[in-house]
1. Go through the range 208-299 and tell me which strands (runs of 3 or more DSSP E), entirely inside it, have 2 or more residues that are within 23 Å of I134 (Cβ to Cβ).
2. How many residues are closer than 13 Å to V183 by Cβ and either free of Cβ contacts under 8 Å to residues at least 12 places away in the same chain or among the β-branched types (V, I, T) (or both) when one looks only at the range 238-262?
3. Consider E407 carefully, then state whether it is charged (D, E, K, R) and part of a strand (DSSP E or B).
4. Any idea which of A459, A452, A432 is assigned to a loop (DSSP other than H, G, I, E, B) and surrounded by 14 or more Cβ atoms within 10 Å (Cβ to Cβ)?
5. Can you name the residue in the range 167-188 that is in contact with a Leu (Cβ under 9 Å, 6 or more places away or on another chain) and not charged (D, E, K, R) and is also nearest to I58 (Cα to Cα) among such residues?
6. Being outside the structural domain of I119 (by TED's automatic domain parsing), touching a strand residue (DSSP E or B) at 6+ places or on another chain (Cβ under 7 Å), surrounded by 21 or more Cβ atoms within 10 Å (Cβ to Cβ) and of a type in the set (D, E, K, R) narrows it down to one residue among D214, D154; which is it?
7. Name the residues in the range 318-337 that are in contact with a Gly (Cβ under 8 Å, 6 or more places away or on another chain) and either assigned to a helix (DSSP H, G or I) or more than 20 Å from E445 (Cα to Cα) (or both), would you?
8. May I ask you to list the residues in the range 410-429 that are over 34 Å from the mean Cα position of the chain (by Cα), part of a loop (DSSP other than H, G, I, E, B) and either within 14 Å of F484 (Cβ to Cβ) or of a type in the set (D, E) (or both)?
Amino acid sequence: MQSRVLVPSQSTPVVRAFWALMLGMMLTLAQVMVVQARGAPESFADLAEQISPSVVNITTSTKVAAPTGPRPQVPEGSPFEDFFRDFMERNNRGGEGEGGPRRGQALGSGFVISEDGFIVTNNHVIEGADDIEIEFFSGTRLKAKLVGTDPKTDIAVLKVESDAPLPFVPFGDSDVMRVGDWVVAMGNPLGQGFSVSAGIVSARGRSLSGTYDDYLQTDAAINRGNSGGPLFNLAGEVIGVNTAILSPNGGSIGIGFAMASNVVTKVVAQLRDFGETRRGWLGVRIQDVTPDVAEAMSLPAPKGALVTDVPEGPAKESGMMAGDVIISFDGADVADTRELVRRVGDADVGKAVRVIVLREGKSETLMITLGRRETAEATETPVAESAPTSPVEQSVLGLTIKTLTAEDRDKMALPTGTEGLLITNVDEVSEAFAKGMRAGDILTEAGQQKLATPADLTARIAEAKEAGRKSLLLLMRRGGDPRFVALSIE
């Protein structure tokens with residue numbers, strides 16, 4: 001007999017509320033049961049069988065110069081004489097005679113991304129190698145040639161020649177992966193070869209040390225030798241390239257990092273097409289907008305990328321200025337500097353993009369034709385020159401400052417005509433010291449206006465107080481690198 005839940009059509013408000021509560025509880029219970037039904041897979045065996053043919057072990061060989069200087073000697077007749085001779089012969093294997101160059105080997109992992117033999121791995125796996133051998137799950141071994149590398153994301157592309165089509169794996173969308181999703185890593189840990197480990201996505205958007213870092217953190221076991229291997233979702237798609245671990249002993253402690261596939265795919269496409277990367281370049285120096293900087297600039301929220309310097313390049317040609325806050329790039333909002341750098345890098349060289357900035361409380365739209373980052377990085381940009389001024393000294397905001405003189409510029413090896421205020425001392429209990437300002441730094445702007453004398457700075461402080469602001473935005477330079485700092489003026 002089928003059971004039914006009956007709700008009287010004619011009832012009091014109290015009764016109707018009761019039945020509404022009961023139905024809500026039943027729906028919640030049903031949802032909980034559905035969630036509980038989505039547990040861990042009973043086995044990863046089918047997935048492992050599916051992906052194994054496309055994962056490879058990588059062995060690299062590099063010629064290593066022999067050590068110079070006298071060789072250690074063992075007294076004739078010593079019981080260790082035979083052992084020492086065998087040891088020295090093993091270490092000279094592959095050399096050109098005694099004491100000649102030897103060959104060093106390294107192990108890593110990779111995966112095939114096309115049936116015609118393109119393979120992805122880490123740059124650090126094959127860096128400096130003059131011989132690369134690929135071992136497939138079937139036992140087949142093939143020599144590989146290097147197609148291209150990108151040290152900024154630690155990605156490399158290799159190519160092997162095969163008479164038969166090779167099994168390969170597709171890339172998945174790393175952006176849809178959620179913390180807690182199951183993932184599977186496969187590779188050559190500690191030289192053991194074709195090992196599978198499973199875990200979850202522990203965190204997203206991790207940054208280690210690179211400009212374009214976007215790592216998925218996982219607790220799937222990753223060890224030395226796993227570098228360059230794939231991190232799979234349960235559909236058998238590569239959503240990351242295993243790159244690094246965080247460990248005090250060199251072994252897995254459950255903190256591994258895989259470069260997100262949505263970064264890798266763009267790099268791989270360029271390496272396959274050009275043998276090198278071709279990233280967009282805007283031509284600005286930037287920093288994050290912190291809450292105190294936002295307050296000092298009267299911004300509605302601490303978002304966007306604050307432009308600290310505009311050297312010669314696409315942005316300057318289009319009218320961008322230091323002090324602008326980039327809030328939109330190519331039709332998408334900019335949350336911070338990291339997001340802007342990635343979007344610019346992903347954009348095509350030569351593309352005309354619309355950039356929206358906040359300037360003195362108003363939005364400005366600029367059309368900028370992007371240059372190429374790799375070309376720009378090879379060119380050093382000089383600091384703009386301006387007229388010298390006479391020295392005056394004063395203490396303000398915990399800083400002891402004076403006008404920068406020609407003698408100061410010579411001592412600090414600054415370009416002739418560099419203008420600003422030289423910080424000669426910083427009170428160690430001041431806010432300025434806490435925010436990293438030090439003697440030798442140069443103040444070039446306050447309130448987005450240029451500084452030539454200490455009197456200029458005191459005038460900017462007075463203006464900010466009169467406008468009801470709690471802090472003043474300063475632009476300082478250290479070794480040519482600009483940075484904005486907001487100091488309280490209350």
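1. Numbers: elements: 215-218, 230-232, 238-245, 256-260, 285-288.
Result: 230-232, 238-245, 256-260.
2. 3
3. Details: charged (D, E, K, R): yes; part of a strand (DSSP E or B): no.
Here the answer is no, as E407 does not meet what is asked.
4. On the way: A459 fails: assigned to a loop (DSSP other than H, G, I, E, B); A432 fails: assigned to a loop (DSSP other than H, G, I, E, B).
So the residue among A459, A452, A432 that is assigned to a loop (DSSP other than H, G, I, E, B) and surrounded by 14 or more Cβ atoms within 10 Å (Cβ to Cβ) is A452.
5. Keep residues of the range 167-188 that are in contact with a Leu (Cβ under 9 Å, 6 or more places away or on another chain), which gives 174, 177, 181-186, 188.
Within this subset, residues satisfying the condition of being not charged (D, E, K, R) are 174, 177, 182-186, 188.
Working: S174: 25, M177: 28, W182: 26, V183: 22, V184: 19, A185: 16, M186: 13, N188: 8 Å.
This residue is N188.
6. Values: D154 fails: outside the structural domain of I119 (by TED's automatic domain parsing).
Result of the check over D214, D154: D214.
7. I327, V334, A335, D336
8. E419, D427
The values are calculated or read from the model by the stated rules, or taken from the named source; none is laboratory data. All values derive from a computational prediction rather than experimental measurement. Using ideal geometry, Cβ is built from the backbone for each residue, glycine included, and neighbour counts are taken over all protein chains shown.
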